[in-house]
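Asker: Have a look at this one before I ask anything.
The values are calculated or read from the model by the stated rules, or taken from the named source; none is laboratory data. Everything quoted here is computed from the prediction, not taken from an experiment. A quick note on method: Cβ atoms are made from the backbone with ideal geometry, for glycine too, and the neighbour counts reach across all protein chains shown. Please note that ligands, DNA and RNA were not included when accessible areas were found on the heavy atoms of the full protein model with its side chains. Shrake-Rupley method; radii C 1.70, N 1.55, O 1.52, S 1.80 Å.
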Amino acid sequence: MKRLYGNIVGLKANQLRRLENLYRRRIPADYVITPEIAREISLLADELRRQVGLLINRKGKIAYVIVGDHQKIVIPNTGLYRTAPGRLKGLRCVHTHLTPEPLTQDDVTDLALLRLDMMAAVAPSPDGHTHEVHLGHILPQGSNGKYYQIEKPLRLDQLGNGCTDQIRALEDELARVRAIHAAGANKERALIVSVTTASKRNALDSLAELRDLARSGGIEIAGEELQQRRRIDSRFLIGLGKLQDLTLKALTRDINLLIFDQELNPSQIRSITDQIDLKVIDRTQLILDIFAQRAQTREGKLQVELAQLKYLLPRLITKNTAMSRLTGGIGGRGPGETKLEINRRRVRDRITRLEKDLAVVRKQRKQQRAQRSKKGVPVISIIGYTNAGKSTLLNTLTQSKVLAENQLFATLDPSSRRLRFPQDIEVIITDTVGFIKNLPKDLMVAFRATLEELESADLLLHVVDLSNQRIDEQIQSVNKILRDLRLNHIPQLMVLNKKDRVTAETITRYERRLKGFAVSAKDKTTLVPLIDAMQSGIAPLKSSQETGLQVG
Ligand SMILES: Nc1nc2c(ncn2[C@@H]2O[C@H](COP(=O)(O)OP(=O)(O)OP(=O)(O)O)[C@@H](O)[C@H]2O)c(=O)[nH]1
Ligand SMILES: [Mg+2]
């Protein structure tokens, strides 16, 4: 005889036998539950003053008999049952309520989180004379923000309602939704989530940027969720109820990834992934993943790996299933799944190794810089917020073909080009990785070698995107990073880019305010005043270096 699950302490032998006998019963395909079994479990529950529950498979076999307490049953770990993405569990739950109560919040949570075929509660009818059955199921195409449906209570003689067909139809519909999305290759489908105490406007701006980031990371966005709270729930960030909503939404829209705009600490990631069967990442990890996709050179790769491992280390806890979702990152790139079993020590060893390698790189770069300054070739560095048009500007200035794309972080590895000005001055012009607000600290540290390159710049071209709604915040973020890197003493020219995309009035306003040069990096003819300014910015420098050389 199969065993019972739950709290069977204090049950009498004949009660145990009656419970165990339930395993022998079979439910005909059309029925959620037969009236006899419904009556029987209600009777048992009344006698025990405990809830009784059944998990029933698609063949009508009872797979689990569960004894709960007065208010709830705890569903055992049904992990062995299939959980194919976009499919239901293949089990439905029918349990008793001791009072005339419809499906509870807990019932709906179980329905959602376990992806049960159905959830049913057999409860006394309000008049107390008979029983009625409350039934809920997932809605395949969530409409009006509702992802589950609770049916009108059924009388016991209404239970033969084509139950199996209904479940099949439900699952077909889920499969259809999934097929539509699967057509878009094996992209990740994400729900982006922001939980914030900030103003709505700031939160929306930030979400918009997160959307761009996700898009740049090759992720498809299936939905957005903004929750403004007076206080942040320190365990789940969002409330548990909301989390449950998200799970249902994820199921019905075939979503496999949640991206949080807010940084999640290790224990929050764990509490969330303990609750839901989805991959969960935060903005920082998304940025790290994009960097991992883009890194081309050995140095770039070293830097990204270092940043990823540093981020990972505090989140690395052995024997936690949540880890597989965490370390995988989007599409399992970066340090990824193959190295999942690495323990903390090995991660630390690897970090030390990477730091050593990078120290060598830094030294080499330093020597190169010393050489350059000995030769007296001035360096102009193009900096600015990501996607501002830095690479495009470099390309147009030097007629080269550095990758420029409408993506965040198209450029990761710095590139340098020589440029000869009309006045016959030669300079080196470098393009760098773009900046972003709240640049993850680990990235900043890891990219020190690249960023140090900026220290030797004689002139910075700060490129801004006039057409971006968030231009002011972006300028502030860049200036903050420059201060953090102690680069704010280097002379700066403001380059107001993409002027072809804004009105003349906007151009004048920003020219006045920022004393910058409005250009269209794509159009060489617009660059003349900027080139003049670059020359006069560099010329005094060049002549003083030459005098210096003569003296030496
Ligand atoms: N309309 C217009 N688009 C531009 C202009 N300059 C750049 N772009 C576009 O803006 C996008 C980003 O340009 P990039 O040069 O890659 O920008 P970036 O600053 O190097 O970006 P990251 O390397 O990702 O930080 C590309 O799609 C460019 O074609 C411009 O003057 N006008
Ligand atoms: Mg670039």
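Asker: Kindly indicate which of L412, L397, L393, L408 is touching a residue at least 60 places away in the same chain (Cβ under 8 Å), more than 32 Å from the chain's Cα centre (by Cα) and within 13 Å of ligand 1 (Cβ to nearest atom).
Answerer: L397
Asker: Could you list, in sequence order, the residues of the range 283-295 that are more than 20 Å from I351 (Cα to Cα) and surrounded by fewer than 24 Cβ atoms within 10 Å (Cβ to Cβ)?
Answerer: The answer is R294, and nothing else.
Asker: What tally of residues in the range 466-498 results from selecting those that are more than 16 Å from ligand 1 (Cβ to nearest atom), within 23 Å of N406 (Cα to Cα) and open to solvent by less than 20 Å² (accessible area, probe 1.4 Å)?
Answerer: Residues meeting the conditions: 0.
Asker: Residue check: is L248 outside the structural domain of R87 (by TED's automatic domain parsing) and more than 19 Å from A112 (Cα to Cα)?
Answerer: So L248 fails the test.
Asker: Kindly establish whether L419 is more than 8 Å from ligand 2 (Cβ to nearest atom) and in a helix (DSSP H, G or I).
Answerer: When the stated conditions are applied, L419 does not pass them.
Asker: Got a sec? Which of K374, K401 is part of a loop (DSSP other than H, G, I, E, B), over 22 Å from D532 (Cα atoms), more than 10 Å from ligand 2 (Cβ to nearest atom) and open to solvent by 10 Å² or more (accessible area, probe 1.4 Å)?
Answerer: K401
Here is a yes/no grid of residues against (1) within 16 Å of ligand 2 (Cβ to nearest atom); (2) surrounded by 14 or more Cβ atoms within 10 Å (Cβ to Cβ); (3) under 25 Å from I287 (Cα atoms):
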{"position": "V361", "(1), (2), (3)": "no, yes, yes"}
{"position": "Q367", "(1), (2), (3)": "no, no, no"}
{"position": "S381", "(1), (2), (3)": "yes, yes, yes"}
{"position": "K390", "(1), (2), (3)": "yes, yes, yes"}
{"position": "L394", "(1), (2), (3)": "yes, yes, yes"}
{"position": "S415", "(1), (2), (3)": "yes, yes, yes"}
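Let's see how each residue does on (1) assigned by TED's automatic domain parsing to the domain that holds I287; (2) at pLDDT below 50; (3) out of contact with any Leu (no Cβ under 7 Å at 6 or more places or on another chain):
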{"position": "A307", "(1), (2), (3)": "yes, no, no"}
{"position": "L312", "(1), (2), (3)": "yes, no, yes"}
{"position": "R315", "(1), (2), (3)": "yes, no, no"}
{"position": "N320", "(1), (2), (3)": "yes, yes, yes"}
{"position": "R325", "(1), (2), (3)": "yes, yes, yes"}
{"position": "L354", "(1), (2), (3)": "no, no, no"}
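Asker: A further question on this structure: Please go through the range 241-261 and pick out each residue that is in a helix (DSSP H, G or I), in contact (Cβ under 8 Å) with a residue 40 or more places away in the chain and open to solvent by 30 Å² or more (accessible area, probe 1.4 Å).
Answerer: Hits for the range 241-261 are G241, D245.
Asker: Oh, and also: Does the range 204-218 hold any residues that are open to solvent by 10 Å² or more (accessible area, probe 1.4 Å), touching a helix residue (DSSP H, G or I) at 6+ places or on another chain (Cβ under 8 Å) and under 18 Å from D289 (Cα atoms), and which are they?
Answerer: Passing the criteria: only G218.
Asker: Now, a different point. Can you tell me which residue among V463, V433 is β-branched (V, I, T), modelled with pLDDT under 90, within 8 Å of ligand 1 (Cβ to nearest atom) and surrounded by 22 or more Cβ atoms within 10 Å (Cβ to Cβ)?
Answerer: V433
Asker: Looking at this structure, is D442 away from ligand 1 (no atom under 16 Å from the Cβ), within 27 Å of the chain's Cα centre (by Cα) and either in contact (Cβ under 8 Å) with a residue 60 or more places away in the chain or crowded, with 18+ Cβ neighbours inside 10 Å (or both)?
Answerer: Yes: the conditions hold for D442.
Asker: Let me ask another. In the range 262-282, what count of residues is obtained for those that are open to solvent by 10 Å² or more (accessible area, probe 1.4 Å) and of a type outside the set (D, E)?
Answerer: Within the range 262-282, residues that are open to solvent by 10 Å² or more (accessible area, probe 1.4 Å) and of a type outside the set (D, E) number 10.
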